[in-house]
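Data block below; observations after.
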Amino acid sequence: MLVEVLPPVLVIHLKRSLYDPTVGGAIKIRKHIQFTPDLEIPPGTSSLFLSHHGEPILTIHRGFVGLDITAPIAQKSTGAQPGSYTLYGILYHHGVLVSGGHYTVDVLHPNGNGGDGEGWLHIDDEAVSAVRREDVFGGHDNGNADDRCPYLLFYRRATSTVEL
């Protein structure tokens, strides 16, 4: 995947289903997923879709059977900063079947620690409860993959303290 500009909010969608011909439908992938509270996207990962002359190098001709696509030029290291992101939400799917189940979410809230600073909250329909950081980041390899099976990860771009 090529990204032209890093977004302020990065949503990572984890593919958690797979077509299984033996059952004739989609099954849930129950593989353990490890994620971190911070994410760094190194400089040069995003790409520019313009040539050195300012013309687009991604060309799609209408009415054409095939696509005429030229690979974009990787961003030069002209002071490009890495993208620093902080995790603030995880959407979980509970259940064995892809066609059904239940969703819950863990969110990082500025007053989630009883007013003593940031803390994680677990939201299950109308029930809201505090959840330990260790459970958010370490509770995924306990053998019960369906209990906390991440489906979407929500990262927000960290604000830069560097003055331009």
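At a glance:
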item	result
Förster radius 22 Å - calculated FRET efficiency between LEU6 and GLN34 (Cβ-Cβ, nearest 0.05)	0.45
Highest average packing first - 22-28, 104-110, Cβ atoms within 10 Å	104-110, 22-28
Kirkwood hydrodynamic radius of region 96-138, from inverse mean 1/r over distinct Cα pairs, in Å	11.4 Å
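Taken together, the values in this text are just the output of simple stated rules run on the coordinates, not laboratory data. Keep in mind that what you see is a predicted model, and the values were worked out from it rather than measured. Cβ coordinates were reconstructed from backbone atoms using ideal geometry, including for glycine residues, and neighbour counts include every protein chain displayed.
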